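Have a look at the structure below, then the notes.
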Amino acid sequence: MNFDGFDDELWDEHKWEAHLDEVEKKSDQLRRFISSDPKGNTPRWITLLKESLSEDDAFEAYVEEELLLDEAYFPEEDDDWEDEDDYEDDDFLFGTAEEFSDTEEEIEDFDAGEEWKALSDQFAISDYGSIDNLMIFNRSKELAVEVLRWSESVPSKMQTKAFQEFVGESLKIGAKLAGGYSFGFEAEYLGANIAYTKKALKSANLALTLLQSQKSDNYFSTELYSDYHARFFELRNDVGVYVQELRDRFYNRID
């Protein structure tokens, strides 16, 4: 990511959050445009599970895709952050076929063996290296992979909307943590890290709520539900603490 067009004002988490909300709207549109399921009837994680060799591969493919789709709507070096005309819905909806095909090819260029997690080379502005250095991400990945593995044991006819959304939000926690980590920890981009991490917290809260709504469903044993509830509860709390640590770093920085 290159942000030479970024203005001189230091964006806090709130400005970044407003911008990321718009980015998410555009990336959702792009995802549907290039998807074989444009109406979004099939959750993306189901498709990735079918296409992947393992649940671990499906998780990494999900994060890769989320990072790349978001990156498509961040300005390049010659763009201006204040020029919203470049990001209007009409411009997106009536973009050229060549523009969309280029983005689709970029997504397809990822292969299972690529070291995408070396974010300092591929995505990160900083030199903090692989996201494997972030323990909370590793925990979110471990839990999401277990949820994916469990989801395959649930018959499709029993997969309610709440079930599908629970699995999806489980994956999104790690994807948003990765998005934040990719911006690094320098003052000018720390607000983006916080904003992304807050979105991870939102997904953790939603995953926990969705889990609780399914407590009595047949596909959950008492033991499994208790295990998931405890781990999502702990992960949610730890992501909240991480948000506060990032905020402390932002507001206690040396200007």
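The values are calculated or read from the model by the stated rules, or taken from the named source; none is laboratory data. Here the structure is a predicted model, which means the values were calculated and not measured. Every residue, glycine among them, receives a Cβ derived from its backbone with ideal geometry; neighbour counts consider all protein chains shown.
As for the range 68-87, it holds at least one residue that is assigned to a helix (DSSP H, G or I), under 15 Å from LYS26 (Cβ atoms) and at pLDDT 80 or above. In the range 149-175, the residues that are charged (D, E, K, R) form Cβ pairs under 6 Å with partners that are at pLDDT 95 or above and in a helix (DSSP H, G or I), at six or more places apart or across chains, as follows: ARG149/GLU55; GLU165/LEU210; GLU169/SER203; GLU169/LEU206; GLU169/ALA207; LYS172/SER203. Any chance the range 203-212 includes a residue that's over 21 Å from PHE59 (Cβ atoms) and modelled with pLDDT of 95 or more? The answer is yes, given that some residue of the range 203-212 is over 21 Å from PHE59 (Cβ atoms) and modelled with pLDDT of 95 or more.
Can you confirm whether LEU210 is of a type in the set (A, V, I, L, M) and closer than 16 Å to LEU143 by Cα?
Working: of a type in the set (A, V, I, L, M): yes; closer than 16 Å to LEU143 by Cα: yes.
It is true that LEU210 is of a type in the set (A, V, I, L, M) and closer than 16 Å to LEU143 by Cα.
Confirm whether PHE220 is aromatic (Phe, Trp, Tyr), crowded, with 16+ Cβ neighbours inside 10 Å and farther than 16 Å from SER140 by Cβ. Yes.
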